[in-house]
Structures are given as structure tokens and as C-alpha cells.
Amino acid sequence: MAYKVRKSSLPLLPEGCDDIRILHFSDLHLTPKRKHLALDIKSWVDLKPDLIISTGDFIAHKDGRKPLIGALGELLDTPGLFVFGSNDYYAPRFKNPFSYLLADKGERKLGKKLNSSLLSKQLSKGAWQDLNHKKVKVKVKGVVIEARGTDDAHLELDNYPLVQGKVSKGSDISLGITHAPYERVLAAMAQDKLDLILAGHTHGGQVRLPWFGGSKALTTNCDLDNWRASGLSKVNDEPWLNVSAGMGYSPYAPIRLFCPPEISLITLTA
């Protein structure tokens with residue numbers, strides 16, 4: 001699978017700190033048949049990230065856990081944080097692919113329930129931590145990072161009050177992690193003055209139109225503005241937002257148009 005590494009730099013660290021490389025990926029939608037995707041995932045260890053963040057939708061098949069853990073391999077030994085998306089709770093179910101482009105009326109067609117608890121345990125056996133409705137501190141290259149996460153807002157499982165509050169003293173930088181970047185989640189995190197929010201879910205629009213200087217998303221599959229469907233953006237004094245366009249797609253909508261699969265490599269600098 002041809003994918004791109006979206007590289008960016010943010011000067012968010014205290015003076016004198018060494019750079020921190022964050023690998024952010026999302027929406028793998030891995031199935032046992034997607035062997036090329038598994039090979040791509042294995043290659044990410046060569047990027048030598050200092051911190052790994054996944055914003056969910058790891059799998060798209062009831063038997064997706066084993067190939068996922070095998071593909072992540074050595075990456076699980078690097079400090080990491082993750083939250084879940086809807087496909088980590090339920091297997092995909094067929095629906096009209098064109099409905100993706102229509103207004104979201106809150107209706108969800110869910111497939112067979114998956115063992116998300118087991119998936120969390122397998123992902124957490126190494127250096128990764130489950131951040132669904134949790135707040136943690138991790139030290140990376142001497143920098144204290146406070147991170148908080150929510151469960152999937154697309155399924156209305158988000159409950160930000162469980163992790164809300166001002167950034168604690170002694171933290172050098174604060175991160176918010178969520179699967180679907182719904183405005184209610186972003187607004188709540190902005191209220192707490194976080195530095196950077198990371199999300200996925202949008203697939204970058206998945207089907208985009210050629211546009212001046214690039215391409216234009218037709219949807220974000222949530223209430224986020226289409227122009228923020230992928231990459232780094234900032235509105236007024238709100239936190240930076242990085243939305244990953246993801247690596248995969250639903251097995252029932254296997255197409256990406258003018259929207260190649262991607263991962264993000266964000267370098268935090270002083």
C-alpha cells in the first residue's frame with residue numbers, strides 16, 4: 001500500500017528540551033487479508049519515534065487482533081497511548097457507501113460485538129497505555145507529558161467530565177486524545193487549555209475532490225469542519241489539532257480518492 005508520512009513541527013516544549021518525535025496513526029481497519037498493510041505497520045519502527053499515539057479503529061474484522069499485535073511488534077516497546085473507535089467494539093456491517101457523504105443523523109449500523117477488553121490487554125502488555133477515559137503522565141526524554149483521552153464520540157461513548165480539569169502542576173506539555181473529533185470534545189479540551197489534540201475517524205474525507213493547491217474533503221463523518229479533515233490546524237486560541245487521515249477503510253467501502261493513506265510524524269521542539 002502506498003502511503004505518506006505527513007511531517008510537521010510544533011514549538012511546544014520548554015526551552016532547552018530535546019526534540020520529541022510523536023508517531024500518530026489511526027484507522028488501520030486491519031483484517032487478516034491486508035498483509036501489505038501489516039508490513040507497512042512493521043516498517044514504522046524505522047522512524048524511531050519517542051512516543052506513539054493511536055486514535056483508534058485498529059481492526060475491521062473479528063479475527064483482526066492477532067495480525068494487529070503481530071504487525072505492531074517492536075512498536076509496542078516504545079511508550080505509547082491509545083483510545084478506541086467504533087470498529088474496535090463492533091465488526092463492520094454493510095451499509096450504502098454513499099451514505100458516508102450524507103448528513104449524519106446519529107443512526108449507527110453495528111455489526112457483531114468484539115472483545116475490546118482483550119484487545120486493550122494485548123495492546124497494553126508492553127509500554128502502551130489505554131487512555132479511554134483516563135488521564136496519565138509519561139516522561140519522555142525528561143519532558144513530563146500529561147495526556148487525557150476519551151472513548152469514542154461517534155458512538156456517544158465520550159464522557160469528558162471523567163478526565164476534565166486544568167493541567168496539573170509539573171506537566172511540561174498536555175495532550176488530548178480522542179478517536180472522533182466532535183466539536184463537543186474539542187471545546188471541552190480547549191476549555192482546559194491543552195496544548196495539542198490528536199484524533200482520527202475522518203479518513204481525511206476518504207473521497208476528496210481536486211482543488212487549488214491540493215484536494216478538498218467532502219465530509220468528516222462528524223461535525224468537524226471539512227477543511228480540518230486531515231493534518232494540523234488551529235482556530236484562534238484553541239489547542240492545535242492533528243487529525244490523521246488514517247491508513248485504511250471499511251471493507252465495504254474499499255476506496256480512497258485523492259486521499260492517500262497516511263501517518264503523522266510530529267516533532268515537538270523547544
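The values are calculated or read from the model by the stated rules, or taken from the named source; none is laboratory data. Since the structure is predicted, the reported quantities are computational estimates derived from the model, not experimental observations. Note that we place each Cβ from the backbone using ideal geometry, even for glycine, and neighbour counts take in every protein chain shown.
Applying the selection to the stretch 134-171, what residues are touching a helix residue (DSSP H, G or I) at 6+ places or on another chain (Cβ under 6 Å) and among the hydrophobic types (A, V, I, L, M, F, W, C)?
If the condition is that a residue be touching a helix residue (DSSP H, G or I) at 6+ places or on another chain (Cβ under 6 Å) and among the hydrophobic types (A, V, I, L, M, F, W, C), then 153, 155 are the ones that fit.
Are there any pairs with C-beta distances below 6 angstrom linking a residue in the stretch 162-180 that is in contact (Cβ under 8 Å) with a residue 60 or more places away in the chain to a residue that is surrounded by fewer than 14 Cβ atoms within 10 Å (Cβ to Cβ), with the two at least 6 apart or on different chains, and if so which?
Sorted first by the residue in the stretch 162-180, then by its partner, the pairs are 172/14.
Please state which one of 73, 106, 56, 111 is at pLDDT below 95 and at positive phi.
Sole residue among the options that is at pLDDT below 95 and at positive phi: 106.
Quick check: anything in the stretch 233-243 under 20 Å from residue 11 (Cα atoms), in contact with a Phe, Trp or Tyr (Cβ under 7 Å, 6 or more places away or on another chain) and surrounded by fewer than 18 Cβ atoms within 10 Å (Cβ to Cβ)?
yes
Can you tell me which condition residue 217 does not meet? The list is (1) surrounded by 17 or more Cβ atoms within 10 Å (Cβ to Cβ); (2) more than 16 Å from the chain's Cα centre (by Cα); (3) modelled with pLDDT of 95 or more, and all the others hold.
Only one criterion is unmet by residue 217, namely (3).
Is one or more of the residues making up the stretch 55-70 within 21 Å of residue 5 (Cα to Cα), in a helix (DSSP H, G or I) and of a type outside the set (D, E, K, R)?
For the stretch 55-70, residues within 21 Å of residue 5 (Cα to Cα), in a helix (DSSP H, G or I) and of a type outside the set (D, E, K, R): present.
Look through 269, 220 and report the one residue that is of a type in the set (S, T, N, Q), in contact with a Pro (Cβ under 8 Å, 6 or more places away or on another chain) and under 23 Å from residue 52 (Cα atoms).
Criteria check complete, one pass: 269.
Under 6 Å between Cβ atoms, which residue pairs at least 6 apart in sequence (or on different chains) link something in the stretch 228-242 that is of a type in the set (Phe, Trp, Tyr) with a partner that is surrounded by 12 or more Cβ atoms within 10 Å (Cβ to Cβ) and in a loop (DSSP other than H, G, I, E, B)?
240/234
Does the stretch 233-246 contain any residue that is at pLDDT 95 or above and among the aromatic types (Phe, Trp, Tyr)?
yes
Give the residues of the stretch 220-232 that are surrounded by 15 or more Cβ atoms within 10 Å (Cβ to Cβ) and either part of a strand (DSSP E or B) or in contact with a Gly (Cβ under 9 Å, 6 or more places away or on another chain) (or both), sorted by residue number.
Listed by number, the residues that qualify are 220, 221, 229, 230, 231, 232.
Counting just the residues of the stretch 247-270 that are at pLDDT 95 or above and assigned to a strand (DSSP E or B), which one comes out surrounded by the most Cβ atoms within 10 Å (Cβ to Cβ)?
268
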